[in-house]
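Working notes, beginning with the structure itself.
Throughout, read-outs are computed from the coordinates displayed, never taken from laboratory work. Computed from a predicted model, the values in this text were never measured in an experiment. Don't worry about glycine lacking a Cβ; one is built from the backbone with ideal geometry, like all the others, and counts go over all protein chains shown.
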Amino acid sequence: MDARYNLQSQLEHLQMKYVGTGMADTNRFEWLVNQHRDTYASYIGHHDIVSYVAIAENESIGRVKFNMLKKMFVPCGLPLKKEDD
């Protein structure tokens, strides 16, 4: 019983600390937004990847970083409106 409680408390702590791990009430859209933002943040943090993308798009490294930062605002578009029953 102690092991299960300890595991559950560790999971709750992880979910509070890191948003991308999700929770039981996290919907699909929120989870995708977190994944896309984490991906763009990783790309921006690794200079080699940014250089590769800059060469592929024939843009400067600064412009590529700026475009990726802009994509982090709304990476998956606006959420769909739910119909109330």
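Within a Cβ distance under 11 Å of Pro79, other residues only, what is the Lys/Arg minus Asp/Glu net charge?
After counting each charged neighbour, the total is +2.
What longest range of the chain stays clear of loop-exposed chymotrypsin sites (Phe, Trp or Tyr not before Pro) (DSSP non-H/G/I/E/B, at most 15 other C-beta within 10 angstrom)?
In the chain, the maximal stretch lacking such sites is 19-72.
Separation between the Lys71 and Leu7 pseudo-spin-labels, each 7 Å from Cα along Cα→Cβ, expressed in nm?
Each label point lies 7 Å from its Cα, and together they span 3.7 nm.
What FRET efficiency comes out for the pair Leu14/Leu78, r = Cβ-Cβ distance, R0 = 30 Å, nearest 0.05?
After rounding, the FRET efficiency stands at 0.55.
Please identify the longest segment of the chain free of exposed trypsin sites (Lys or Arg not before Pro), where exposed means a DSSP state other than H, G, I, E or B and no more than 16 other Cβ atoms within 10 Å.
Counting only loop sites that pass the neighbour cut-off, the longest clear stretch is 1-80.
Local charge sum around Gln35 (other residues, Cβ-Cβ under 14 Å, Lys/Arg +1, Asp/Glu -1)?
Here the count lands on +1.
Pairs of Cα atoms under 8 Å, at least six residues apart: use those to get the relative contact order of the chain, whole percent.
26 percent
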